[in-house]
Structure formats: C-alpha cells, structure tokens
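Engineer: Right, I'll just put the structure down here and ask away after.
The values are calculated or read from the model by the stated rules, or taken from the named source; none is laboratory data. Since we're looking at a predicted model, the values are computed, not measured. Using ideal geometry, Cβ is built from the backbone for each residue, glycine included, and neighbour counts are taken over all protein chains shown.
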Amino acid sequence: MGNREIEVSILCITYNQKKYIAKALDSMLSQITDFEYEIIIHDDGSTDGTIEIIKDYKEKNPEEICLLIEEDNRYSKGEDFVIPTIREYARGKYIALCEGDDYWTDSFKLQKQRDALEKHQVCDMCACWGSTVTEDGTREISQIRPLQQDGILDIREVILGGGQYLVTAGLFFKKDMLENLYGLDSLDYSLQIRGALRGGIYYLDQKMAVYRRYADGSWTNHVLKKDAKLEVQWDKERNLLKSFDEQTDYQYHEIIEERLKAYTSFEIQLNAHSEEIQRIMQQADAPVYIWGMGRRGVALEAYCKRCGYQIDGICDAIDEQIGECTQRQTLIVKTADVLKNAKTILASNRFAYQDIAKTDYKGQVYDFQEFMPRG
C-alpha cells in the first residue's frame, strides 16, 4: 500500500454483489480530494464472481485498494467484523462507509464531509441526504433526508429515528469515535447513535449517496423480507438500546423507552386502530388498491384479508411482477393503472402518500402509516 499519509479510509463490505460492485468502486475511485484516501474492500466469502471483479480492481489500483477476502461467510455466523476491520486495517483519521451494492453520486463527497467535520469539531460523524432506488438502479423510490438544510441532528432524533434514519453510504466519522462504544456494536443504528453522542451528527443537505432496495446480498433482502430474521434483528436492537441506556447512566432513558415501542409488529399497531380503519373501509369507494409492497404494505394487505375488506389490487413504485399475485392472492398492478382506475388508495407508508399527492389523482387517499407509525 506504500507510505502515503492516509486521511480517509473507505470501508466497502461486499457479499455476492457481482452486479453492483463495479459501480460502487467507480464512485469511490472518482472522488476528488486534496488529501489521500484508501479503499478497504472486505469480501465476506462471495461465490458469485464478486471476488474476481474486486481482484481486477485491486490489480489496476494497487495503491488505493486494500483487499480482504474471507473463505467463509462470517455474517452468517453472527460475527461482528466491521469494527475489528476498521481498527486493524484503516489508516485514516476518518472512516467512510459504502457497501458493495450502494454508491455515491458526488465526486466531492469525501472532501465535503471531511471539511465539515474539520469545521465542526464537536461532531464525530457527518451524514448526507441519500436516496433509495430500485434494485436495478433505474428508478428512485424515496428520499432519506432528515433535514432540508445543513445542521446538527441531536442524539434524541437519532435514537428515535432507528437504523434507517440515515443512509448508510452517507455515514462519515472519526475513527477514534470507536474507542468507546458504550455497549454498542457494528449495526448501522449503533454507529449512528455513537456518532451523535458527543455533539450530534453534522448533516449536509446534499444528495450524495444511494441505497439499493432489496439488492442481491443486501441487508434488506436478507432481513426485512423474512419475519423470523426481522424479529432476531429487533431483539438485537432492543438489547443494544438497553445496554446503551445502562452504559450512559440512563441519561437518555425516556427517549430510549419511547424508541423501544417501535418494536411492535404492524399487525398489533393496526389492531389498535381497528375501529378507525373499519370506518374508512366502510366509506371507501371501490375499486380499492393498496400502494406500497414493503413491510407496511404486506402487513396492511394481510390485515385487510383477515378482516374481510375488499382489496382489488396492490402496487409499488418499482412496478415489478405486474400481472402476478402476491402470496395472499392479491393482483399486482402498475402504479399508472392504479392512478387511472382506483376510487380509493390505501397508502401503506408516508412516502407512498406523498408520491400520490404529487400526481393528478382525484380519488380518496388514506395514509395508513398513521396507524403503523412505529417500525
């Protein structure tokens, strides 16, 4: 790796991301800075050809890239290797994260975030505006934008926001922040809480990072689509928060107690509003469609089926699997057809509700995230 004086170390975790890794690495290698940076690629035992691609990048960029390849998948064994990898291999004062299926859209991202932390010394972490795109990267689905201006995100906002409050590929922090983790670990949520602990997270309201939804090998594909694994994840986060509460002498106890309420299934949350939902469905003009096929959409579909409410179809911004049926035999239709034909739309989440509001749709729209606010 030579004797370059490294200011920023980029950690790129990858596993079976052959389709995406080149775009991720190109976005890192295209960074324009007045300091030196390195890219540490940690492959967690890929079997799909990802390793051959990253070896080729290493050969072409020997000074910039440090390559670590595992023989076996450590994530599946429950091993925490992110922080140990940073501690052992990262030479930079600062750490930037970008997983193998994500990418950056601003060639000055590292420079901007490093300058922000140099200027705002009280902060240990910098984050930026990010977006969520379809798996193939062709369509933007939603924004990950906690503020609409530059500013500091208070630790209470970060705790309440949960692990998806900030885009992971936008996280940039001081390496020495990891010296005391206060009972936290390598979860994105943990790093965000730790990053906010001293003086909040400095947020740059510039769109610079992209997160792929349900990409092959991704956390969302591995966890969010599987109820059993999601429950395990929730257990980890609950235990993490309780440990952090104790380690910080219960300084944030009230806000942590409020956040713990988020680990309540959507089914239970919907049941708590059964009378309000019944009134809506009795007044709803047919045909009725659900907009959104993420976790809230799946839960809303199941609830409506269980209660006997008529649902004529379901759609999602990604417009995939059109003409097929869900596991509960609801027809999947195009969003354009829903806007054209629906008399009532049940928006399963706030992003869906806001997207519909931007169209010329004149029918009834209900924001069902009001009944599923936590999660």
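Engineer: Out of all the residues in segment 318-340, is one or more of a type outside the set (Phe, Trp, Tyr), out of contact with any Pro (no Cβ under 7 Å at 6 or more places or on another chain), surrounded by fewer than 19 Cβ atoms within 10 Å (Cβ to Cβ) and within 17 Å of Arg279 (Cα to Cα)?
Structural biologist: Within segment 318-340, not a single residue is of a type outside the set (Phe, Trp, Tyr), out of contact with any Pro (no Cβ under 7 Å at 6 or more places or on another chain), surrounded by fewer than 19 Cβ atoms within 10 Å (Cβ to Cβ) and within 17 Å of Arg279 (Cα to Cα).
Engineer: Scan segment 228-238 and give yes if some residue there is closer than 25 Å to Tyr263 by Cβ, in contact with a Ser or Thr (Cβ under 9 Å, 6 or more places away or on another chain) and modelled with pLDDT of 95 or more, otherwise no.
Structural biologist: Checked against the condition, which is being closer than 25 Å to Tyr263 by Cβ, in contact with a Ser or Thr (Cβ under 9 Å, 6 or more places away or on another chain) and modelled with pLDDT of 95 or more, segment 228-238 yields no hits at all.
Engineer: If you take just the strands (runs of 3 or more DSSP E) that sit entirely in segment 101-206, which of them hold at least 2 residues that are touching a Pro at 6+ places or on another chain (Cβ under 9 Å) and hydroxyl-bearing (Ser, Thr, Tyr)?
Structural biologist: Fully inside segment 101-206 and qualifying: nothing.
Engineer: Could you list all residues from segment 271-285 that are within 23 Å of Ala342 (Cα to Cα) and either modelled with pLDDT under 95 or not small (Gly, Ala, Ser) (or both)?
Structural biologist: Glu276, Ile277, Gln278, Arg279, Ile280, Met281, Gln282, Gln283, Asp285
Engineer: Then there is this: Can you tell me which residue is surrounded by the fewest Cβ atoms within 10 Å (Cβ to Cβ) among those in segment 67-86 that are in a loop (DSSP other than H, G, I, E, B) and either of a type in the set (S, T, N, Q) or out of contact with any Asp or Glu (no Cβ under 8 Å at 6 or more places or on another chain) (or both)?
Structural biologist: Glu71
Engineer: Additional query: Going by the conditions given, is Asp56 in a loop (DSSP other than H, G, I, E, B) and in the same structural domain as Ile10 (by TED's automatic domain parsing)?
Structural biologist: The answer is no for Asp56.
Engineer: Of everything in segment 266-282 that's without any contact (Cβ under 8 Å) to a residue 40 or more places away in the chain and not aliphatic (A, V, I, L, M), which residue is nearest to Ser190 (Cα to Cα)?
Structural biologist: Residue satisfying both the conditions and the ranking: Glu267.
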